[in-house]
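What follows is a single structure, written as structure tokens, with notes after it.
The values are calculated or read from the model by the stated rules, or taken from the named source; none is laboratory data. These numbers come from a predicted model, not from an experiment. FYI the Cβ positions are ideal-geometry reconstructions off the backbone, even for glycines, and counts take in every protein chain you see.
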Amino acid sequence: MSAVTAIIPAYNEEATIGAIVKVLCQIDEIKEIIVVSDGSIDATADVARQAGARVIDLPENTGKGGAMMTGVAHAKEDIILFLDADLIGLTTEHVRSLLDPVISGHVDMAIGIFEKGRLATDLAQLVAPYLSGQRALRKELLRAIEDIEDTGFGVEVALTKYAHDQGIKVKEVELVGMTHIMKEEKMGLTRGLAARMKMYWEIAKAVGSGLKK
């Protein structure tokens with residue numbers, strides 16, 4: 001049976017990272033859990049280690065794409081599971097619903113879509129499901145995409161665009177009852193909005209520029 005490396009890019013997510021890692025520890029197919037603490041200045045790295053993850057503690061913030069690909073560079077298994085570090089309500093059933101279509105060989109990538117979690121996050125992914133950070137895919141696909149580590153928050157757009165352009169089989173999976181903490185909640189309104197605008201800018205660049213193949 002195919003084995004999985006779970007990779008979680010995390011920046012100052014001490015409040016949620018432990019619960020996510022503990023859920024992943026219950027999945028037999030997941031042989032390693034890598035948390036990439038992307039320049040965090042809180043206890044993200046310590047909490048992740050205590051929960052059972054292997055932690056790569058980056059001294060400076062590289063951006064989401066860079067953190068994800070740092071994890072991939074250290075991954076031993078052929079299937080990669082990406083999860084965001086600020087998820088609320090993650091269960092083993094959610095994880096298995098993402099992994100099973102890829103492990104079985106029916107698709108090469110599964111994308112998780114929030115459903116019946118919170119209105120704000122449900123609507124955001126209804127409008128733009130390609131922005132989801134919850135994905136299972138074969139590691140070989142990541143090796144084929146150049147410059148993905150430089151996309152920042154545009155990394156999900158980059159992955160979806162590559163799959164579309166290459167005719168790769170993708171399945172959208174509803175993650176019922178799951179959501180995440182929004183930036184405005186974590187950082188306060190002003191800083192959160194600024195962070196959101198930065199995220200949208202990186203996403204727009206990924207959409208506009210395309211990727212080398």
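Worth pointing out:
- Hits in the range 85-112 - residues which are charged (D, E, K, R) and modelled with pLDDT of 95 or more: 93, 96, 100
- Residue 80 passes every criterion in (1) surrounded by 22 or more Cβ atoms within 10 Å (Cβ to Cβ); (2) at pLDDT 95 or above; (3) farther than 23 Å from residue 161 by Cβ; (4) touching a Ser or Thr at 6+ places or on another chain (Cβ under 8 Å) apart from (3).
- Scan of the range 74-92 for residues that are touching a helix residue (DSSP H, G or I) at 6+ places or on another chain (Cβ under 9 Å) and part of a helix (DSSP H, G or I), ordered by number: 92
- Flag not set for residue 27, criterion: out of contact with any helix residue (DSSP H, G or I) (no Cβ under 7 Å at 6 or more places or on another chain), closer than 23 Å to residue 111 by Cβ and β-branched (Val, Ile, Thr).
- Of all residues in the range 29-43, at least one satisfies being closer than 22 Å to residue 132 by Cβ and over 17 Å from the mean Cα position of the chain (by Cα).
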